[in-house]
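Q: My structure is below; once you've seen it, I'll send some questions.
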Ligand code: GTP
Ligand code: SPV
Ligand code: MN
């Protein structure tokens with residue numbers, strides 16, 4: 001096959017000339033194509049079928065042990081001026097970036113098939129959707145893209161009509177970490193990734209396109225591309241509110257997106273729109289509307305069980321790809337927190353006797369089409385998206401952040417988002433459990449200078465007078481022994497209910513320097529054994545601790561120099577002054 005679009009054909013020809021594949025396959029996105037790929041991978045030994053009775057059409061892929069997570073230190077944004085990429089990104093000039101990776105792509109696909117994957121991020125007929133083409137030599141990437149995006153013939157037709165598309169070139173190369181780069185050229189709508197076959201490094205529609213490149217485009221065009229899940233919450237009265245939540249990697253988006261309401265909240269229903277990325281646009285009335293550019297999930301496996309996330313637990317029992325989990329003797333996938341079965345092999349494929357760490361890698365993942373999810377929203381394909389009532393930020397904070405609080409206004413909300421800090425997780429290579437600043441959960445994903453990004457967020461206030469309310473949640477408060485203070489998972493709906501009640505002006509709140517907090521009794525804890533004193537702790541602030549936090553944030557802002565919007569500094573200083581006033585009063 002070829003294409004009617006000369007620019008696409010020419011690019012494919014150029015890439016083939018450089019990378020020297022044995023042959024080229026244009027992906028159509030059919031079920032047969034998927035099954036053929038799986039068979040080829042099984043024959044090659046890169047995919048293993050799992051138990052066909054208990055896990056029909058499920059496969060296990062074990063990636064290279066050096067290639068199990070995103071590699072932020074090898075991820076670059078290549079703009080002419082380093083200032084435009086900002087201190088939040090690794091930078092190279094476009095000329096150097098191209099030169100470095102092009103040399104590595106030379107002959108990289110010799111002996112391999114080259115796959116051309118046309119894909120559409122977002123509903124195929126939505127004006128908010130954007131298309132791309134990924135060229136890859138990895139069958140694993142093609143299979144994942146099939147489950148997670150709208151890819152194939154329909155996407156190609158849209159690309160041929162529009163004439164423009166994001167170019168993503170990917171090769172697993174020889175998986176040598178010293179020859180691994182994830183390069184972005186936002187001004188050329190181009191991505192070049194080599195040396196990794198894993199997740200966000202290799203599925204270029206996801207973090208590379210839908211966040212790094214799209215955030216850059218969104219700034220120019222007046223919308224937002226965010227690391228947010230999207231969900232609809234339907235009350236027993238049949239009223240549905242949509243919210244978008246930004247939490248850093250491995251901090252609970254997928255779990256929240258498909259939560260099952262607790263017994264104490266009969267009649268409530270959850271509708272999942274997305275679990276990782278949201279594109280937010282204003283409609284003609286100034287209402288912010290969200291689409292999910294993806295159509296599948298690449299979710300964290302460990303911790304998934306019937307109690308924490310029954311929807312996910314069930315949806316990965318068929319038509320799923322598992323990456324880097326363990327296996328039982330019955331050839332079922334196994335992971336820490338599965339709560340049934342026992343591991344016989346670990347994520348490296350070696351026999352497991354418990355002496356060498358975990359059986360599943362902490363960042364092991366499942367890939368499934370969103371249609372596997374029992375709570376998948378009927379509006380997920382709606383071209384106009386869904387109206388957003390609230391934006392919710394969050395992170396892992398053992399101590400500081402209360403269970404929930406509301407920003408005082410949009411400008412303060414931008415401060416709340418910009419000052420998100422969270423303990424690091426296994427989703428990226430590096431130390432786990434240290435606090436790092438992760439503004440809007442976009443630290444690894446914003447394709448331009450954070451200073452300009454905050455200004456872009458602030459500027460939305462001029463575009464609409466009906467912006468969503470902004471909140472912050474923290475499911476991860478711990479006691480001195482490391483136990484979580486809040487039960488989390490399905491019980492989080494109790495907190496979402498407070499958020500909705502605030503949006504509808506149905507419940508009051510206590511004003512503090514950091515925002516509006518609920519009274520402990522405003523969060524329904526019926527049928528929960530969370531003692532009243534814990535609820536008080538979860539709904540209060542430690543002024544001294546917040547003063548330190550505010551000071552750290554001010555120092556962090558200094559790193560962005562004069563790109564920091566004055567309004568954000570003003571907001572930070574206002575909070576500092578109000579904290580100081582209380583500290584003096586109680587001293
Ligand atoms: P990415 O896909 O990396 O962007 O992650 P995510 O934000 O979708 O996180 P996910 O929902 O996969 O959760 C990551 C980990 O946090 C899993 O091990 C979950 O079990 C755990 N987790 C999620 N929600 C909660 C919660 O409410 N409380 C607690 N204690 N743990 C949670
Ligand atoms: C994340 O790390 O935020 C993910 C997984 O969602 S990955 O696709 O690898 O980026
Ligand atoms: Mn993510």
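Q: Kindly list, by first and then second residue, each pair from a residue in region 263-285 that is within 15 Å of residue 237 (Cα to Cα) to a residue that is in a loop (DSSP other than H, G, I, E, B) and within 16 Å of ligand 3 (Cβ to nearest atom), limited to pairs with Cβ atoms under 8 Å and residues at least 6 apart or on different chains.
A: That search, which allows pairs on different chains as well, returns 270/258.
Q: Which residues, counting only those in region 513-563, are part of a loop (DSSP other than H, G, I, E, B) and either more than 17 Å from residue 472 (Cα to Cα) or free of Cβ contacts under 8 Å to residues at least 40 places away in the same chain (or both)?
A: The answer is 519, 524, 525, 526, 527, 528, 529, 530, 531, 559, 560.
Q: Within region 401-424, how many residues turn out to be at pLDDT 95 or above and under 30 Å from residue 482 (Cα atoms)?
A: 14
Q: In addition: Can you find even one residue in region 395-404 that is in contact with a strand residue (DSSP E or B) (Cβ under 7 Å, 6 or more places away or on another chain), farther than 19 Å from residue 511 by Cα and buried (at least 22 other Cβ atoms within 10 Å of the Cβ)?
A: Yes, that holds for at least one residue.
Q: Within region 195-209, does at least one residue satisfy the condition of being in a strand (DSSP E or B), within 13 Å of ligand 3 (Cβ to nearest atom) and within 13 Å of the chain's Cα centre (by Cα)?
A: There is no residue in region 195-209 that is in a strand (DSSP E or B), within 13 Å of ligand 3 (Cβ to nearest atom) and within 13 Å of the chain's Cα centre (by Cα).
Q: Give region 469-514 a look and list any residue that's more than 10 Å from ligand 1 (Cβ to nearest atom), within 22 Å of residue 248 (Cα to Cα) and in contact with a helix residue (DSSP H, G or I) (Cβ under 7 Å, 6 or more places away or on another chain), or say none.
A: 469, 470, 471, 472, 514
Q: So in region 283-299, with the set limited to residues that are away from ligand 2 (no atom under 15 Å from the Cβ) and in a strand (DSSP E or B), which one is surrounded by the most Cβ atoms within 10 Å (Cβ to Cβ)?
A: Only one residue fits best here, namely 291.
Q: Among the residues of region 24-47, which ones are in contact (Cβ under 8 Å) with a residue 24 or more places away in the chain and outside any helix (DSSP H, G or I)?
A: The answer is 24, 25, 26, 27, 28, 29, 30, 46, 47.
Q: Across region 430-451, what is the number of residues that are crowded, with 18+ Cβ neighbours inside 10 Å and either within 19 Å of residue 84 (Cα to Cα) or touching a helix residue (DSSP H, G or I) at 6+ places or on another chain (Cβ under 8 Å) (or both)?
A: Number of matching residues: 14.
Q: Before we move on, is residue 302 within 12 Å of ligand 1 (Cβ to nearest atom), out of contact with any strand residue (DSSP E or B) (no Cβ under 8 Å at 6 or more places or on another chain), assigned to a loop (DSSP other than H, G, I, E, B) and within 27 Å of residue 432 (Cβ to Cβ)?
A: Considered against the rule, which asks whether it is within 12 Å of ligand 1 (Cβ to nearest atom), out of contact with any strand residue (DSSP E or B) (no Cβ under 8 Å at 6 or more places or on another chain), assigned to a loop (DSSP other than H, G, I, E, B) and within 27 Å of residue 432 (Cβ to Cβ), residue 302 comes out as yes.
Q: Taking region 14-54, which residues are loosely packed, with under 12 Cβ neighbours inside 10 Å and under 23 Å from residue 102 (Cβ atoms)?
A: Matches in region 14-54: 14, 17, 22, 23.
Q: Which count do you get for residues in region 141-183 that are in a helix (DSSP H, G or I) and in contact with a strand residue (DSSP E or B) (Cβ under 6 Å, 6 or more places away or on another chain)?
A: Qualifying residue count for the region: 9.
Q: Please work out which residue is nearest to ligand 3 (Cβ to nearest atom), limiting yourself to region 248-272 and to residues that are under 13 Å from the mean Cα position of the chain (by Cα) and not in a loop (DSSP other than H, G, I, E, B).
A: Here the residue is 253.
Q: Among the residues in region 268-282, are any away from ligand 2 (no atom under 13 Å from the Cβ), out of contact with any strand residue (DSSP E or B) (no Cβ under 9 Å at 6 or more places or on another chain) and in the same structural domain as residue 490 (by TED's automatic domain parsing)?
A: Looking through region 268-282, none of the residues is away from ligand 2 (no atom under 13 Å from the Cβ), out of contact with any strand residue (DSSP E or B) (no Cβ under 9 Å at 6 or more places or on another chain) and in the same structural domain as residue 490 (by TED's automatic domain parsing).
Q: Right, next: Does residue 294 satisfy the condition of being touching a helix residue (DSSP H, G or I) at 6+ places or on another chain (Cβ under 6 Å), within 16 Å of ligand 1 (Cβ to nearest atom) and under 17 Å from residue 128 (Cα atoms)?
A: Against the criterion (touching a helix residue (DSSP H, G or I) at 6+ places or on another chain (Cβ under 6 Å), within 16 Å of ligand 1 (Cβ to nearest atom) and under 17 Å from residue 128 (Cα atoms)), residue 294 qualifies.
Q: Let me ask something additional. How many of the residues making up region 225-245 are part of a strand (DSSP E or B) and crowded, with 24+ Cβ neighbours inside 10 Å?
A: 8
Q: Now for a different question. Just to confirm my filter: which strands (runs of 3 or more DSSP E) fall fully inside region 399-512 and include at least 1 residues that are touching a residue at least 12 places away in the same chain (Cβ under 8 Å) and farther than 30 Å from residue 324 by Cα?
A: Result: 404-406, 469-473, 510-512.
Q: So residue 322 passes all but one of these: (1) under 28 Å from residue 388 (Cα atoms); (2) in a strand (DSSP E or B); (3) more than 16 Å from ligand 3 (Cβ to nearest atom). Which condition number does it fail?
A: Going through the list (1) under 28 Å from residue 388 (Cα atoms); (2) in a strand (DSSP E or B); (3) more than 16 Å from ligand 3 (Cβ to nearest atom), residue 322 breaks only (1).
The values are calculated or read from the model by the stated rules, or taken from the named source; none is laboratory data. The structure presented is a predicted model; accordingly, all values stated were derived computationally and were not measured. Please note: Cβ atoms are built from the backbone with ideal geometry, for glycine as well, and neighbour counts cover all protein chains shown.
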